[in-house]
Structures are given as structure tokens and as C-alpha cells.
Amino acid sequence: MSLRDTGRQVRLRRTGRVPSDARVRHYDELDDDEQGVVRELAGEPWTAPETGDLGDGDVVKFTEYYLVRSR
Amino acid sequence: MSDSYVIVGDGIAGASAAETLREEAPDAEITVLTDEGESLYNRILIKEYAKGKLPEAPISIHQEDWYDEHDVDLRLNTVVVDIDVENDAVHTHEGETFEYDSLLLAIGGTPQQLPVENADADGIHHFWTFQDARNIKESVEGAEKGVIVGAGLLGIDFAAICGAQDVEAKYLMRGDNWWRYALSEEGAEIMHEAMRERGVEPVFDSGVDRFEVDDDGHVEAAVDPNGERYECDFAGVAIGLNFNTELVEDTPLEIDDGIVVDEFMRTNVDNVYAAGDITSFNDLILGEQAKNGSWGSAKEQGTIAARNMVEYGSEAFEWVSSYSITHFDFPFLSFGHPTLGDDSVEATTAESEWRRVALKDGKVVGGVLIGDLSPQSAFKQLMREGRDVSDQKDRLMEPGFSVDDLAAPTEQ
Ligand SMILES: Cc1cc2nc3c(=O)[nH]c(=O)nc-3n(C[C@H](O)[C@H](O)[C@H](O)COP(=O)(O)OP(=O)(O)OC[C@H]3O[C@@H](n4cnc5c(N)ncnc54)[C@H](O)[C@@H]3O)c2cc1C
């Protein structure tokens, strides 16, 4: 199970340029919980509890590129 | 003496096996042999590189120092040409022999060429490796007109690459819609429209009869079986994979559209295992032999194979695979085995949202979701549970469907 309670919230911000040193993951590499978070937050100004190992600064390729912000 | 493991293939299946073996057998000797010139990279992101959306660096997953740190002997550019299961050894093209206590074959597939005139001309591309992606990117950046062949999950990557690189393309399909084995015309039309918006025109009841080349041997047109000629300076061919079973043809290993393994990823030879795209595995969820061609499944099979190589029977592979398309402004996901089954139910659930679920003996075996992926977990759960939903199929089509919407299963 990848859900862990870190007390942090994640947000996804659409990004145009992907830095060379970013860790980039495709939607299909994520587990079920992480995919759920991406579906819920992509394109929305909401936050969700941090899950799995989607961490601050990661980039996810879904219908757009999204930068993960974790606070 | 410690055990020695040899893994052929450093794709995601072979690499995840190496990682798991190192965790489970800290003292083992682990050797990974690959015919590619680079260590594990992200095969499902190379299309983004070819589209010009992603730099090279983030596509690498294991740098070569990963192998040193994990005490794994990695041999690049090493082609295994023979497996001697009687003497527990593999032989390479370069003349080396590697002996093993346990062997893993994670050798994947190779794209098929069209059996037509000039199919290997310059400018005609197949897509499997990072090197292919570099060649495609270079070729497509200098191209004006493209032709794409192969109406499936890899063909649409070529369509997206042409769209992203401003190449006006014709997508020649044999039937009357894209991925006709999994989608009806109604669902496929959403995909066709997305292609058209990117300058890629689907052409139905078509295909390629031959390619024409210029004086330098570079592709200049594709001619379809109806005699229509489509000019192009770039062509992408994705008509399917040949699984790399040639390597095991002269061995006692059982082959049937891949290397046959049980649910523990073991072949009919006790100390030989296989994982990833190459396997025809005992699918415990489907209840028959099956094949998967997706990243998540290959990774999981590598992990499971490694655990069973250390201790046979320790963990079975039980997994619902999925494969998404993220090129458009709506998502697409296929899960399980969408082309199988004896029944199906489909619906347009909202504008540009469509779904289809395939059933066998009343149970969900796979499906396709376009636009709204929210029920993906519910459908995967139904597959894992093997729930008979034959008398409530329509509920599967309700927006926001969840497993709780179904009537409780009755005691048999
Ligand atoms: C362009 C593209 C896009 C894709 N997109 C997606 C996607 O979006 N989502 C998804 O889930 N899946 C996707 N896939 C499929 C996914 O990448 C594969 O299912 C997965 O990578 C298979 O992994 P594998 O390790 O089984 O095989 P492979 O990655 O094919 O690895 C096999 C390795 O073995 C090597 N090898 C073979 N024979 C020998 C030999 N004799 N000696 C030495 N080495 C050998 C090969 O060179 C290769 O490196 C895509 C595939 C491609 C090509």
C-alpha cells in the first residue's frame, strides 16, 4: 500500500518546459493511488494528501506535463 | 558458494528482476546481458523525446553506476545467441559463455516490417528503442509529409509525433476505424477527431501495397491497395511485434506466441524463467494463458520472477494491466484484455467520453475508457474479484460508476 500520512499536501501545476534534471514519470508508471491523485488534481487548483513517492519537483506526463508541488 | 543469476535483457522486466534479486539475495552473483548500447531507460517516454517535448536526460532510469553500486555485472552490446539448458550456460555472439544457476529471459519483442516493396527504405521507421526515437526525431524534424501504418497503440504514437512536429500526415488503416478490435466506430471517432485536430488524417479501408523511393533510396510515397498514392518523406510503421523467441527455438523451452511460463514466471525447465512482453503466462485472473504488452505488467513480472528464482512458489503474478494514451487533451486507457471476451457493453457517457467493457462468461476481462478514467479502479477490482456482472451490465456504464453501485453478489 502506498498511502502514507506525511501530513503534506500535493498540488499539480501544468508546466511547459521540463528541466533536464527532473524526475519524469509517465501516468502508466504510477500505482493506482498515485494515478487517482493525478486524475483528481490535473488541471485543478486543488490539493490532496501526498501519496506513494510522488514528490516535490517530480514531473508527471498525463494529458499535459504536470509539476508536483508538495508542501 | 553463492547462487549465480543471469538475466538476458535490460528492459524494465530484466532490470526490475535484477533490482529484486539484489534485495532478496544479497550475496548472489548477478549478470545482466543486453544487446542495446545503453542501460535501462524509460521506453514509454521515448515517444515524448521524439515529439520534441522532453530532453534526453530524464529518460534514463539506471545510469551505469547503478550497476556498480548494486554489484550487478552489466554487459552492454552483448547479443545472446544460444542457450544451453543442459549445461546451464548462455553463449554470446562475441564468443563469451556465461554459466548460471538460474536464468531469466526478459527479451521482449522486435517490431515487424511490412512485407512490401521498399519496406526498408530510408525515411521508413519502426519504433522500439531509444535509438529508434533519436532517428525518428531527426527524420521527422526535416519532414513535411508523413504516412503512418498500423492502427494500434504504437501507431497512434507516430500520429502524435507527426502532430507535435508539424508534419502533415495520412494515417492508413486497414478497417474502418482505429484499433477496431477494441473500439467501435463511435469510440474510435473521438480518437480520429483528435488526430485530425493535429493535422493527421485517418484514411480507412487502406494500408500499404508498396513504398516508392527516390533516386537516393529515400521514401517518397506509399501506395495503398486501392492504388491511391500518398506522398511522404517520413513513414512510421507499427503493425505489431515479433516476440524474440528465435533465441529459444532449438531448446526444450515451450513456445506459444511467446515463452510459456506458469504464474510464477517459470518455464518448463526448472531453472529457467521469463518475464515481460516475451511471456505467455498463466493468467490467474483470466483463467487461461495470456500475453500483456505494458510497462507496469513487465515490471511486475520481473519482480515476481526474481522472487520465485530465489524461492519457487513464493509469489504468483496476479495483475490487471493497463496502458494509457496521453497525447491529447483527454485521456485514454485500455485495461485488462479489451480485445477478448464473448460479450461487451459500451456507451457514450458525456461529450467526448466513451467507455466499453468486454466480458467473458459474465465477468469483466478488459475494456477501454476515453475521457473519463475515474472508473478504472472499479473495473480492475471487478476483474480481480471475478464478479459475475452479466445481469447488471448497464450499471457499468453509469457516470461515476463504483463497485458499490452493484447489487451484492448472491451466495452460490
Ligand atoms: C514507443 C513505445 C511506446 C510505448 N508506450 C507504452 C505506454 O504508454 N504504456 C505502457 O504501459 N507500455 C507502453 N509500451 C510498451 C512497454 O514499453 C513494454 O511493454 C515494456 O517496455 C516491455 O518491457 P520488457 O522488459 O518486457 O521488454 P523490452 O523493453 O523490449 O526489453 C527487452 C530487452 O532485451 C533485449 N534483448 C532481446 N534479445 C536479446 C538477446 N538475444 N541478447 C541480448 N539482449 C536481448 C532487447 O534489446 C531489449 O533491450 C510502449 C512501447 C514502445 C516501444
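The values are calculated or read from the model by the stated rules, or taken from the named source; none is laboratory data. In this text, all values refer to a predicted model and were calculated from it rather than measured experimentally. Don't worry about glycine lacking a Cβ; one is built from the backbone with ideal geometry, like all the others, and counts go over all protein chains shown. Accessible surface areas use protein heavy atoms only, side chains included; no ligands, DNA or RNA. Shrake-Rupley method; radii C 1.70, N 1.55, O 1.52, S 1.80 Å.
For the range B:119-153, which positions are among the small types (Gly, Ala, Ser) and surrounded by fewer than 16 Cβ atoms within 10 Å (Cβ to Cβ)?
Once the filter is applied, which keeps residues that are among the small types (Gly, Ala, Ser) and surrounded by fewer than 16 Cβ atoms within 10 Å (Cβ to Cβ), the range B:119-153 yields only B:Gly142.
Looking only at the range B:40-68, filter to residues that are polar (S, T, N, Q) and surrounded by fewer than 20 Cβ atoms within 10 Å (Cβ to Cβ); which one of those is farthest from the other protein chains (Cβ to nearest Cβ)?
Top of the filtered list is B:Gln63.
For the range B:319-375, give me each residue that is charged (D, E, K, R), in contact with a Lys or Arg (Cβ under 9 Å, 6 or more places away or on another chain) and farther than 24 Å from A:Lys61 by Cα.
Across the range B:319-375, the qualifying residues are B:Asp342, B:Asp343, B:Glu346, B:Lys363.
Taking the criterion of being basic (Lys, Arg), open to solvent by 50 Å² or more (accessible area, probe 1.4 Å), in the same structural domain as B:Asn42 (by TED's automatic domain parsing) and at pLDDT 95 or above, would at least one residue in the range B:296-303 satisfy it?
Yes; the residues of the range B:296-303 include at least one that is basic (Lys, Arg), open to solvent by 50 Å² or more (accessible area, probe 1.4 Å), in the same structural domain as B:Asn42 (by TED's automatic domain parsing) and at pLDDT 95 or above.
Quick check on the range B:88-111: of everything there that is part of a strand (DSSP E or B) and open to solvent by 50 Å² or more (accessible area, probe 1.4 Å), which residue is farthest from B:His125 (Cα to Cα)?
B:Glu99
Are there any strands (runs of 3 or more DSSP E) wholly within the range B:207-266 with 3 or more residues that are within 27 Å of the chain's Cα centre (by Cα), of a type in the set (Lys, Arg) and under 19 Å from B:Phe281 (Cα atoms), and if so which?
none
For the range B:315-332, name all the residues that are open to solvent by less than 10 Å² (accessible area, probe 1.4 Å) and at the interface with another protein chain (Cβ under 9 Å from one of its Cβ atoms).
Residues satisfying the conditions are B:Ser324, B:Thr326, B:Phe328.
Table: residues versus (1) buried (at least 18 other Cβ atoms within 10 Å of the Cβ); (2) out of contact with any helix residue (DSSP H, G or I) (no Cβ under 6 Å at 6 or more places or on another chain); (3) within 14 Å of chain A (Cβ to nearest Cβ).
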position	(1), (2), (3)
B:Gln376	yes, yes, yes
B:Asp391	no, yes, no
B:Gly400	no, yes, yes
B:Asp404	no, yes, no
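Looking only at residues that are closer than 30 Å to B:Glu185 by Cβ and within 13 Å of the ligand (Cβ to nearest atom) in the range B:103-127, which one is nearest to the other protein chains (Cβ to nearest Cβ)?
B:Phe127
Could you give me the residue pairs with C-beta distances under 7 Å whose first residue belongs to the range B:290-301 and is within 12 Å of chain A (Cβ to nearest Cβ), whose second residue is more than 7 Å from the ligand (Cβ to nearest atom) and acidic (Asp, Glu) wherever it lies, and which are 6+ apart or on separate chains?
Sorted first by the residue in the range B:290-301, then by its partner, the pairs are B:Trp295/A:Glu29.
Each row is one residue, and each column tells you yes or no for (1) charged (D, E, K, R); (2) more than 13 Å from every other protein chain (Cβ to nearest Cβ).
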| residue | (1), (2) |
| --- | --- |
| A:Ser20 | no, no |
| A:Val24 | no, no |
| A:Asp33 | yes, no |
| A:Val38 | no, no |
| A:Asp53 | yes, yes |
| A:Tyr65 | no, no |
